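To keep things clear, I will list the structure first and then write my remarks on it.
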Amino acid sequence: MSHLLVSSHQTEEEAETQHESENSVWRFRGSDTAAKASSVTMRVIVYKLFDLCSPDIKKPLLPLAHGDPSVYPCYRTSIHVENAVADVLRSGKGNSYGPAAGILPARQAVADFVNRDLTNKVTPNDVYMTVGCNQGIEVLMQALAAPNANIFLPRPSYPHYEARCVYSGLEVRKYDLLPENEWEIDLQGIEAMADENTVAMVIINPNNPCGNVYSYDHLKKVAEMARKLGIMVITDEVYSQTIFGDNPFVPMGEFGSIAPVITLGGLSKGWIVPGWRIGWIALNDPKGIFKSTGVAQSIQQNLDITPDANTLVQNALPQILEKSNKEMFAKKNSILKQNVDLVCDRLEDIPCLVCTKKPESCTYLLTKLELPLMEDIEDDMDFCMKLAAEENLVLLPGVALGLKNWARITIGVEGRMLEDALERLSRFCQRHLKKTEASLQAKYNGEI
Amino acid sequence: MGETGEAKRWNFGANEVVELSCSQNVRYFLNLLADNLDRNDTRPVIPLGHGDPSPFPSFRTDPAAVEAVCDALRSAKFNHYSTTSGLPIARKAVAEYLSRGISYQICPDDVHLTAGCHHAIDVLMSTLAVPGANILLPRPSYPMYDSRAAFSQLEIRRYDLLPEKGWEVDLDAVEALADDKTAAILVINPCNPCGNVFSRQHLQKIAETASKLGILVIADEVYKNIIFGETPFVSMAEFAETVPVMLLGSISKRWSVPGWRFGWMVTLDPHNIMKDSGLVHSLANVLNMSTDPTTFIQGAIPDILGKTKEEFFSSILETLRECSETCYEEIKKISCITCPYKPEGSMFTMAKLELSVLEDIKDDLEFCCKLAKEESLIILPGRSVGLKNWVRITFAVEPELLKDGLSRLSKFAQRHTKKQA
């Protein structure tokens, strides 16, 4: 697990001002835009919290702020997935450059795989391979960037979207996911925010960080709203194979004839191989709108000048995807369900923390912080910093996701880690509970 | 625009900036030439236009490297997300590898791992593109720099490589072009597309000039150690005390594995000039939100860089030596093409077209399109790398295939040469 403990990247502490007089001789500078964009990324916040943990607290560090289940043996990917890549390696067939959009067998394999759930089928020409889903986001934002264009992102949200939008010069407008409505999309809010420069709305389904899976009816309403506003829907479905609740997954592409849809996906989460860096962009657009408006061409052109996905894994993709089925994902999903049940159960005994909707997908759990019940905790960042310093337990402060005064717990870890984490959380909350509350709590627990 | 039967207005459209940047690259021209091929020609297409010898048996990668990657994969220890700039073991291995045989010792913290050298170019051009900045690129060039610079709206100023001087940098031009907004100069050594290897003295002069102008040197050494002539390879790292250097490289060329997508960007900055200017900080920010090289490849890097036997490299260099000789000698016999300098490194050479002796061919693009159509032979028109009416020829293919290709070139040339010439 040592990779998680890499010391702070020092992006905050390093020279923040440029020493003009000494360096007037040297002409180069770095881009400021990068700083603004990067400050919103999670890595920066998480590294800061890791720095607060200490070996003096004689407890192992519990990293529950970000999501990488691949380091735990219980989540190891299926052997057939590894075999597929090993086969390609030995054949010597994955060593060459490929076309920018990806090699045809990979594009075909992705098309076949996503078509299993789609009425309007996509062809390999509608599929583009990317270096992980993150790079797919990068390419799309670059393709859509136009002077004065704005794009809708959800709040709370996976922060990479905002970073990439800022960096590409796209104006970001946030719409709310409504906690009181099981995190459904605030469609009225969207309608109020849109104008003639709005190009797209991004949805994440299954939702990171909230863990809900949107219903068919709700997604249809989203498509109808997009159509009304003349915008496309970009849907991030990277968690589509990580569902353990009862609501079935409906791909947004099903509504591609109402409003054109771009689907982002990848191997990272479903197959638990985020380090392999394989993702895809699929155009669900039976009416050919992306082609006629030139968006498809912009995506291809962006791919021509950006890094390509590893040819080794692309060549293995047909074998990987063909053999992937619900049974393969079941083991991982059942562990996640157990973990969610455990955490929700324990949280009921901690009054400072409230989980408003039990997750049915993804690998996270959002919990609201009842700050009025706490003695000396200002906000979520303060909560997480003190928690890291006092308990060597790292959670993600909601501010990193645009949701102040919530915290996100990663549940894609080993069950025993969560047991340990909940115990530490319980003790921490007890310690920081306001005195009157503490005595009430003690009464409740039968101690008085 | 829109669908049939409905006048629906959609708010999104094409991105003009990327469209303009894209017409500059090698892939664009290779696709164009492929479109010109005659489907009825049963002969195999001979590809002397791109730089990827990995499918050819003489250039096949080292089996030990394949085993190293298999081991990393099977360990299941490298499926996780990478850390920004790469896994520590891989960064350390690259630092050690690049420090061999040079006086400058590279620190792992200065090594940033990228998904191939292309990714390094992407990140670097992005980072340098502050409003109003310009960058000095060679002519001819490797066009990915041009595309990325154009896309990031970094102004490009070109200095010439001088064919009559073995493709050396025109340093007078460099001095004339630079101003107080110039951020950097790009030097590709060994040179793609020209095939020369710069001498130590010349590299020193470049470093001193850059230092005088207050600009950093981007040293693209992706063809490092791919030399087969008289001139030894000297890394720009040797001059890091004189001028700050951004060193780019990858395993793609030396191990013939461009598909594995593993490269690096190294900041050589002993006087903390790049650090104090804020450039390193910005680079870190861009890397933080950028993609990474595949983790199981990173896991194999210590073995790949540390344990590959010399015989693997020398056998490929032998093939390249043979091919470069063949290429140079055969071109000498063709009257309408002149190669001013025998290649000593990389996988390419530039040759000038004598259009005046050709019947019905007006420029390099027409030459290459007709060549593709009539002889199923692909070579790259020089305009793709910034030199109109020249061509770039790749000689890194099987020697027999190269001879065949050059013979087709010769026949084509004869057919199109003016009768009285």
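The values are calculated or read from the model by the stated rules, or taken from the named source; none is laboratory data. None of these values were measured; they are calculated from a predicted model. Backbone-built Cβ (ideal geometry, glycine too); neighbour counts: all protein chains shown. Just so you know, the surface numbers come from the protein's heavy atoms only, side chains and all, with ligands and any DNA or RNA stripped out. Shrake-Rupley method; radii C 1.70, N 1.55, O 1.52, S 1.80 Å.
Roughly what % antiparallel, to the nearest 5, for the DSSP beta bridges in region A:79-324?
40 percent
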*asked:* Of the candidates B:Arg254, B:Arg74, B:Arg383, which one comes out as most mobile in a Gaussian network treatment of chain B with C-alpha springs shorter than 10 Å?
replied: B:Arg74
*Mind running the shape call on chain B? Use the C-alpha gyration tensor, a ≥ b ≥ c as the square roots of the eigenvalues: rounded below 1.5 for a/c, prolate if a/b tops b/c, oblate otherwise.*
rounded
*Over all Cα pairs of chain A, how is the pair count split among 20 Å bins, expressed in % and running from 0 up to the last occupied bin?*
24, 55, 20, 1
_Extreme residue, positive dipole direction of region A:237-300, given options A:Ser298, A:Ile278, A:Tyr239 (C-beta unit charges)_ = A:Ser298
*Quick one: if you stick a label point 7 Å off each Cα along the C-beta vector at B:Ala34 and A:Gln338, how many nm between them?*
4.9 nm
*Cα axis of helix B:364-375 to longest principal axis of chain B: angle in degrees, 0 to 90, nearest 10?*
70 degrees
*Taking the Cβ of B:Phe395 as the centre, find all other residues whose Cβ is under 15 Å away and add up their charges (Lys, Arg: +1; Asp, Glu: -1).*
-3
*Specify which residue in the list B:Thr326, B:Val257, B:Gly345 is farthest towards the positive end of the charge dipole of chain B, using unit charges on the beta carbon of Lys, Arg (+1) and Asp, Glu (-1), about the Cα centre.*
B:Thr326
*For region A:297-355, evaluate the Debye formula with one uniform point scatterer on each Cα (no solvent term) and list log10 I(q)/I(0) at q = 0.14, 0.24 Å⁻¹, rounded to two decimals.*
-0.72, -0.98
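Give me the orientation-averaged projected area of the Cα convex hull of region B:208-288, in nm², one decimal.
Orientation-averaged projected area of the Cα hull: 6.6 nm².
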*Taking all protein chains together and a probe of 1.4 Å, list B:Ser58, B:Ser346 from the most accessible to the least accessible.*
B:Ser58, B:Ser346
_Overall Cα dimensions of the protein assembly as shown - principal axes, largest extent first, Å_ = 110, 66, 49
_Cα-only Debye scattering, region A:185-301: base-10 log of I(q)/I(0) at q = 0.10, 0.22 Å⁻¹_ = -0.31, -1.30
*Of B:Gly259, B:Gly382, B:Gly345, the one that fluctuates the most in a GNM where chain B has Cα springs shorter than 10 Å*: B:Gly259
*Using 7 Å Cα-to-Cβ label points, what is the B:Ile156/B:Phe56 separation (nm, one decimal)?*
2.8 nm
*Under a point-charge model restricted to the Cβ atoms of Lys and Arg (+1) and Asp and Glu (-1), what is the dipole moment magnitude of region A:79-324 relative to its Cα centre, in debye to the nearest 20?*
620 debye
*Could you work out the local net charge near A:Gly230, counting Lys and Arg as +1, Asp and Glu as -1, over the other residues with Cβ closer than 11 Å to its Cβ?*
+2
*asked:* Taking the 0 to 90 degree range and rounding to the nearest ten, how far is the long axis of helix B:26-36 tilted relative to the main principal axis of chain B, both from C-alpha atoms?
replied: 30 degrees
*So how do B:120-130, A:397-407, A:184-194, B:60-70 stack up, highest first, on mean other-Cβ count within 10 Å?*
B:120-130, A:397-407, B:60-70, A:184-194
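Please give the per residue volume of the convex hull enclosing the alpha carbon atoms of region A:79-324, rounded to a whole number of Å³.
115 Å³
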*Distance in nm between label sites at A:Asp379 and B:Thr231, each 7 Å beyond Cα in the beta-carbon direction?*
5.8 nm
_Spatial separation of Cα centroids for region A:177-245 and region B:348-375, in angstrom_ = 55 Å
*Work out, step by step, the length gained on full extension between A:Lys221 and A:Thr436: first 0.36 nm times the residue separation, then minus their alpha carbon distance; give nm to one decimal.*
72.7 nm
*Roughly speaking, what is the centre-to-centre gap between region B:236-295 and region A:371-432 when only Cα atoms are used, to the nearest Å?*
37 Å
_Considering only the protein assembly as shown, percent of DSSP beta bridges that pair antiparallel, nearest 5_ = 55 percent
_I need the calculated FRET efficiency for the pair A:Asp195 and B:Glu16, taking r as the beta carbon distance and R₀ as 25 Å, to the nearest 0.05._
0.75
*With everything on Cα atoms, drop me the angle between helix B:279-288 and the longest principal axis of chain B, reported from 0 to 90° to the nearest 10.*
80 degrees
*Total accessible area buried between chains A and B, 1.4 Å probe, in Å² to the nearest 100?*
7900 Å²
*Please state, as a whole number in µm²/s, the translational diffusion coefficient that the Stokes-Einstein equation yields for region A:228-296 at 25 °C and 0.890 mPa s, with Rh defined as the Kirkwood radius across alpha carbon pairs.*
185 µm²/s
*Report the full-extension gain for the segment A:Ile79 to A:Asp246: residue separation times 0.36 nm, less the Cα-Cα distance, to one decimal in nm.*
57.3 nm
*So how much accessible area does B:Glu310 have, in Å² to the nearest 10, using a 1.4 Å probe?*
110 Å²
*Only Lys, Arg, Asp and Glu count, each charged at its Cβ (+1, +1, -1, -1), so figure out the dipole size of chain B about its Cα centre, rounded to 20 debye.*
500 debye
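Hey, what number do you get for chain B at 222 nm if only DSSP H runs of n ≥ 4 count, each worth -39500 (n - 2.57), divided across all residues, to the nearest 500? Before the final figure, lay out the partial values.
Numbers: 14 runs with 165 residues, N = 421.
Helices in chain B give a 222 nm mean residue ellipticity of -12000 deg cm²/dmol.
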*Could you compute the FRET efficiency for B:Arg100 and B:Glu164, with r as their C-beta to C-beta distance and R0 at 41 Å, rounded to 0.05?*
0.75
_Within chain A, helix-based [θ] at 222 nm, where runs of 4 or more DSSP H residues each add -39,500 (n - 2.57), nearest 500_ = -12000 deg cm²/dmol
*Total formal charge among the other residues, if their Cβ is under 13 angstrom from that of A:Ala146, Lys/Arg +1 and Asp/Glu -1*: -4
*For chain B, modelled as a GNM with alpha-carbon contacts under 10 angstrom, which of B:Ile227, B:Ile89, B:Ile301 fluctuates the most?*
B:Ile89
*So what does A:His218 come to for accessible area, using a 1.4 Å probe and Å² rounded to 10?*
10 Å²
